[in-house]
Protein chains: 2
Amino acid sequence: MIEVGIVEDNVKIRNLIQRYLDMQDNMSCKAAMDSVEEMLEHLGEHKAPDVLLMDIQLPGMSGIEGIGLIKKKYPEIEILMLTVYHDSHKIFNSLVAGASGYLLKHTSLPEIKESIENLVEGGAPMSPQIARKVIEHFNKPETEKKPESDLTSREQDIVNGLVDGLSYKMIADRFDISIDTVRAHIRNIYKKLHVNSKAEVIAKSLRGEI
Amino acid sequence: MIEVGIVEDNVKIRNLIQRYLDMQDNMSCKAAMDSVEEMLEHLGEHKAPDVLLMDIQLPGMSGIEGIGLIKKKYPEIEILMLTVYHDSHKIFNSLVAGASGYLLKHTSLPEIKESIENLVEGGAPMSPQIARKVIEHFNKPETEKKPESDLTSREQDIVNGLVDGLSYKMIADRFDISIDTVRAHIRNIYKKLHVNSKAEVIAKSLRGEI
DNA sequence: GACGCAATCACATGAAGATGTGATTTGCTC
DNA sequence: GAGCAAATCACATCTTCATGTGATTGCGTC
């Protein structure tokens, strides 16, 4: 028997989902609250559910803030977002906060039921549009992360040395060139990157700006 | 009509999938190759399919390398991985390379068909286990990224100054303290982090190791 | 109230870095 | 083959950094 909890402020939707899920013979849905605060209070006094359906827009604390708090105190609860928001920022923040799935609100009741089952079996239910956004999160970096300053390969070597925390002397040894050559390269690097200290070069490099 | 291509070296599996998909009245599957090289050759001479099912373990070039090449020349092709591998590294690399979905090979034919439909409709089909791994990719950073060295807040301020590329003098000015105080803090920071240069502190910080 | 710790400041010294002004060699392009 | 960029090296000078030693103040704890 899967224990399901709901945090949703729209009474109609909440009741509808609760009744439907509670009606299933492999699920029980008793805890249905309209705010994170109430749910937290409930959790303090009752056995924790296995799965929590959570809205984002809620009175008081937002669902996303709620995820963090709930996951911190009850890490074993699987949180499934059920919301109208499909902007990358909210999706991303929810997942980072600890949600294990993300459904859009137009999802049908049987699909919600399936998703909950999927979740307890180790899946991560997502509406197709959401899945696509999540995937794009991986694609983007690859194509966008090329501000590509035009450092020569030798200059890039030197930058790598700096990032590794090496001194000029150590860099010179690593590439078997003189320390004055290292200085010369660094001078050129500074000009190209418009900086004037090792520190800035390292920072730029590690931020992916080189 | 959805044009589907297949790159899969196991003849039995390849033929099975091809026949099944080609049998569907909304799909056509003519191009079925057993290597990326062959598929690239085929693509050069024929109209590109809408979706490409791709294995990872292949003779010659790996499927993951293939994704990049194919996506580069034919960015409009949606690539759906169909493989036995479920290790995070392969999943992650596939997605970064440009795959739009990732199915495990035990997926049934009807499910593969549905996934292809889902894909062309803008979804990102994934087996539940895969979805979970992808989601965990977001969770992990949040929970693990706390190596939390115990720098005091003042020390953290100084580190931020260093990361911003400031000199000791500039840091002193920013926080309105003497340069010798900055030196003192930095000495302590070096001790705590077991480093001995600005560069290493900046690198550590930007790598999230502080 | 003794103790530890964070935060502040001081003085000193040797090492590392930043910058200026050169120069030579190699390889590519027009 | 003149012109140019990249890579190499040299010497000089001034600034910044790393490190040692030491001190004062304030805050929380046992």
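Based on every Cα atom in region B:1-152, Rg and the maximum pairwise Cα distance Dmax equal 17.0, 67 Å. Counting from the shortest, the label point at B:GLN129, 7 Å from Cα toward Cβ, is 3.1 nm from the same position in each remaining copy.
For region A:167-209, state the semi-axes of the equivalent ellipsoid (square roots of 5 times the eigenvalues of the alpha-carbon gyration tensor), sorted largest first and rounded to whole angstrom.
Semi-axis lengths for region A:167-209 are 20, 12, 8 Å.
Backbone amide hydrogens, once placed in the peptide plane, bring B:MET54 within less than 5 Å of B:VAL7, B:LEU80, B:MET81, B:LEU82, excluding anything fewer than 5 places away on its chain.
Label-point spacing for A:SER153 across the identical copies (point 7 Å from Cα in the Cβ direction), in nm and ascending order: 5.0. Database remark: amide H of B:TYR85 closer than 5 angstrom to no amide H (H placed geometrically; neighbours at sequence offset of 5 or more, or on other chains; Pro and chain starts carry no H). State the Cα centre-to-centre distance between region B:66-110 and region B:1-54 in whole Å. So the separation of the two Cα centres works out to 14 Å. Taking trypsin sites (Lys or Arg not before Pro) in DSSP loop states with no more than 16 other Cβ atoms inside 10 Å as exposed sites, chain A has its longest site-free stretch at A:146-206.
Result for chain A in a Gaussian network model with C-alpha springs under 10 Å: among A:VAL134, A:VAL163, A:VAL11, the largest mean-square fluctuation is at A:VAL163.
Sort region B:56-108 into rounded, prolate or oblate with this rule: let a ≥ b ≥ c be the square roots of the eigenvalues of the Cα gyration tensor; rounded if a/c is under 1.5, and if a/c is not under 1.5, prolate when a/b is larger than b/c, oblate otherwise. If you can, show how the numbers build up before the last one.
On the way: a/c = 1.65, a/b = 1.44, b/c = 1.15.
Judged from the Cα gyration tensor, region B:56-108 comes out prolate (a/c at least 1.5, a/b above b/c).
Dimensions of the protein assembly as shown based on its C-alpha atoms, expressed as ranges along the principal axes with the largest first, amount to 71, 66, 27 Å. Take the alpha carbon atoms of region B:189-210, find their center, do the same for region A:176-205, and report the distance between the two centers in whole angstrom. One Cα centre to the other: 20 Å. For B:ILE2, the residues whose modelled amide H falls within less than 5 Å of its own, excluding neighbours fewer than 5 places apart on the same chain, are B:MET27, B:SER28.
Every number here is computed from the coordinates shown, using simple stated rules; none is lab data. Quick caveat: nothing in here was measured; it's all calculated off a predicted structure. As a convention, Cβ positions derive from the backbone with ideal geometry for all residues, glycine included, and neighbour counts pool all protein chains shown.
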